[in-house]
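**Student:** I have a structure I would like to understand better, so I am pasting it below and will then ask my questions one at a time.
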Amino acid sequence: MRNWLSQIGGWLDHRLGVKATVLPLLAHPIPRGAAGPMGWWYVFGSASMTLLAIQILTGIGLSMVYVPAPDQAFQSLEYLNYEQPMGWFLRALHYYAGSGMVVMVLVHMTQVFLHGSYKYPRELTWLVGVLLLACTLGMFFSGQILRWDSDAYWGLAVAGSMAGRVPILGPQIVQMLHGGPVIGGDSLSRFYALHVFVIPGALLLLLAVHLWLVLRCGVSAPPDRSQPVDPRTYDADYQADLHRTGVPFLGDAILKDVFFSALVVIAVVALAAVAGPKGPSELPDPTQGGANPRPEWPFLWLFALLALSPPAMETFVILGLPVVLIGLLLLVPFVSNRGPRSPSQRPVAVLMVVMLYTVLGVLTYQGHTAPWSPDMDAWSADAVPVAMVEQGSPLQLQGMAVFQNKTCRNCHALEGLGGRRGPDLSTIGTRLTRDQLINQISNGTPGGGNMPAYGRQIGPHEMTALVDFLVSLRPHGQPPAKTATLDSSP
Amino acid sequence: MTTEPTTTPPLDLLPGRRTFFGWLTYGLGAIAATMLGWPLTRYFLGTMPRREVWVALGSVDSFPPDQTRLVTFDNPMRQPWDGKLSHTGVFVRYQGQDANQQDQFLILAVNCSHLGCPVTWFPQSGLFLCPCHGGVYHANGERASGPPPRGLFRCVWRIEQGQLEVQAPHFPTLQDTLDPTGDPASLAANSSRCEHA
């Protein structure tokens, strides 16, 4: 039997030539340092690939049931969640393995950046890696559309409105993006094509190039303070080191990769099993107001940046910033492709990473809480704290009703309850006088800023009651706000 | 460098013939690429066309003056497999009759002019409010506050035999509004806009 197998193997290999070509590639020597304890820094790329494999597997599985048509997509997702055996698990795993892939790709990139591994001769590997990051994010966005709930539908509306701002070509781009004059079946179908054919095809092609470059340029040695990169001598030194002390990749190094990948798989499977599938939240209904689309977590920072940027910069943030950021990432190996690699010798690089992740973290948190979005139900759903009105005069109670009825609460919280778009008004009586309040309410933010002018929306009696209520909003014992005036009498 | 055995005849016995076949191949390749590329390009750039269709929203009498109402209808610009997704809403406001005894309507799309989210009408405060970034509009569609760069998009309407009809709206964007005759200055104006700080 063994003999037979080896004969078949020999017959095949005589024609395929695997032993002569592929095996040496797998067994290629890597620097000794990369196989030692420092080798644990090298596991994130392979973990990304492991997660990609899970994505392909679960993606094929989901595509066997999912229907990319607006009238049935939602139903087919519900079927996956509740009826198809393990359908809920595949949906959950596809989401969490995809999230994990974004995390692993980012960690991998950060490690490569901090260790200066993108420097000569691995500039192109970095470039292709940046494109792989773009593909991964593209998969995340297009995947969210396929979930075909309210977020997906209005997400397409937001994407269309953004694309519509492109000078001159805007309307044509919107038409191409939506696949027609409205968001509908053609929109979903083209995002399906993007998600299962176009982007995965590009991703696999780029990944092949990425891996070829890893083999061709060799795995970088762990950074050594005494060995800055000099393109004139690097290749000779690297090859000499490999010949002297290199160890085969198929050995301790790949063992670390497998070990870490196994941990990652266990983590995402456990997460998927515990957290379950994400959505779909609700059938998209274009006639239903109040839908507030949220981007998926990798895009929350961009969502926040957009919401927080001044209007003059808005179109640039929408259209220019993503291009600039990708461009900057692509430029990294051309700005510095030589010199020291060790993070301890590159304080600016370390500081940039710290700053970037701090900014991304803060913006992501802001995007998650989204204080700039009004709370559309607060006017009728959030009660006024009892302590604020239990001593109130009839006029103040009337003012409270005006406050709720005129939807002030959608943007202004009372004791933290309500919209957070405008300031919390729990103690407004200590900050603004009666006249200042009337001015603010009637005219809104000067120049048409954040608060609308209510002058035409509120009658004189309503205004009197409302202002009386607002002036009464002060902590116990605090006097109302006063205008600072010079006492002219001697 | 390996040298060819002297017995092998050289390839370019007929240089003219080689050149001819070379050019013929380029030519054939160009023709094949065009024949393949033209229909494929047409296909990939092609999208569901925009059509001018009118949708009846109800009789003119059914709209009380100066009240804004969300009217829903099935947008005829749809695919048969769109399901309930083609159910579209517009805000209709009857504005009374003008000097020539003509009924005047204001029909506004639900999409916020900022980034396309659906605005909600609050009759008690007389304002439209957008859930995404807090854009606010007055009852007449003018921008009141927040990030929108202009007022709400106005739909084209007409009255046919006592029925109010609206032109089926496409997805409106800043450079591709719903009203081909252009928006009145009050909607498109950006003059009073300032930093929304």
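**Student:** If neighbour count is taken as other Cβ atoms inside 10 Å, put A:119, A:278 in order from fewest to most.
**Tutor:** Least crowded to most crowded, the residues run A:278, A:119.
**Student:** Moving to a separate point now. At q = 0.09, 0.11 Å⁻¹, what is the log10 ratio I(q)/I(0) for the range B:8-138, with the Debye formula run over Cα points and no solvent?
**Tutor:** -0.52, -0.64
**Student:** Sticking with this structure for a sec: In nanometres, what is the gap between the two model label sites at residue A:11 and residue A:344, each 7 Å from Cα along Cα-to-Cβ?
**Tutor:** Inter-label distance under the simple model: 6.0 nm.
**Student:** Could you state the number of Å between the C-alpha centres of the range A:312-357 and the range B:63-83?
**Tutor:** 48 Å
**Student:** Taking only the Cα atoms of the range A:356-399, how large is their convex hull per residue, in Å³?
**Tutor:** Once divided by residue count, the hull of the range A:356-399 is 109 Å³.
**Student:** Among A:406, B:84, which comes first, then next, by fewest other beta-carbon atoms within 10 Å? Could you put the intermediate results ahead of the total?
**Tutor:** Details: A:406 21, B:84 14.
Going from sparsest to densest Cβ surroundings: B:84, A:406.
**Student:** Still on this structure, please answer the following. Which whole-number value in Å³ per residue fits the convex hull of the alpha carbons of the range A:378-471?
**Tutor:** Normalising the Cα hull of the range A:378-471 by residue number yields 87 Å³.
**Student:** Simple spin-label model, 7 Å along Cα-to-Cβ: residue A:168 to residue A:386 in nm?
**Tutor:** Result for the modelled spin labels: 6.7 nm.
**Student:** If each DSSP helix of 4+ residues adds -39,500 (n - 2.57) and the sum is divided by the residues in chain A, what number results at 222 nm, nearest 500 deg cm²/dmol? Don't skip to the end; give the middle numbers.
**Tutor:** Details: 22 runs with 291 residues, N = 490.
That calculation yields -19000 deg cm²/dmol at 222 nm.
**Student:** Please arrange B:110, A:384 by how many other C-beta atoms lie within 10 Å of their C-beta, fewest to most.
**Tutor:** Working: B:110 27, A:384 19.
Ranked by crowding around the Cβ, least crowded first: A:384, B:110.
**Student:** Once amide H atoms are placed 1.01 Å from N in the peptide plane, what residues at a sequence separation of 5 or more from residue A:30, or on another chain, have their amide H within under 5 Å of its amide H?
**Tutor:** Under 5 Å from the amide H of residue A:30 lie the amide H atoms of A:247, A:249, each far enough along the sequence or on another chain.
**Student:** Pairing the Cα long axis of helix A:434-443 with the longest principal axis of chain A, what angle in degrees results, from 0 to 90 and rounded to the nearest 10?
**Tutor:** 60 degrees
**Student:** Given charges of +1 on the Cβ of Lys and Arg and -1 on the Cβ of Asp and Glu, with all other atoms neutral, how large is the dipole of the range B:43-98 about its Cα centre, in debye to the nearest 20?
**Tutor:** Here the size comes out at about 260 debye.
**Student:** Starting at the first residue of the range A:38-50, write each ³J(HN,Hα) from the Karplus equation 6.51 cos²θ - 1.76 cosθ + 1.60 with θ = phi - 60°, in whole Hz, x for Gly and Pro.
**Tutor:** For the range A:38-50, the Karplus-derived couplings read 5, x, 5, 6, 9, 8, 6, x, 5, 5, 4, 5, 4 Hz, x marking Gly and Pro.
**Student:** What percent of all Cα-Cα pairs in the protein assembly as shown falls in each 20 Å bin, counting up from 0?
**Tutor:** 14, 37, 32, 13, 3, 0, 0
**Student:** So what is the relative contact order for chain A, in percent, with contacts set as C-alpha pairs under 8 Å and at least six apart?
**Tutor:** Result for chain A is 18 percent.
**Student:** Okay, moving on. Once R0 is set to 35 Å, what does the formula 1/(1 + (r/R0)^6) return for the Cβ-Cβ distance between residue A:211 and residue A:233, expressed as a FRET efficiency to the nearest 0.05?
**Tutor:** Efficiency, from the Cβ-Cβ distance: 0.85.
Every read-out reported here was derived from the displayed coordinates using simple, explicitly stated rules and does not represent laboratory data. Small disclaimer: the values here were computed from a predicted structure and weren't measured. Counting neighbours? That spans all protein chains shown, and the Cβs are built from the backbone with ideal geometry, glycine included.
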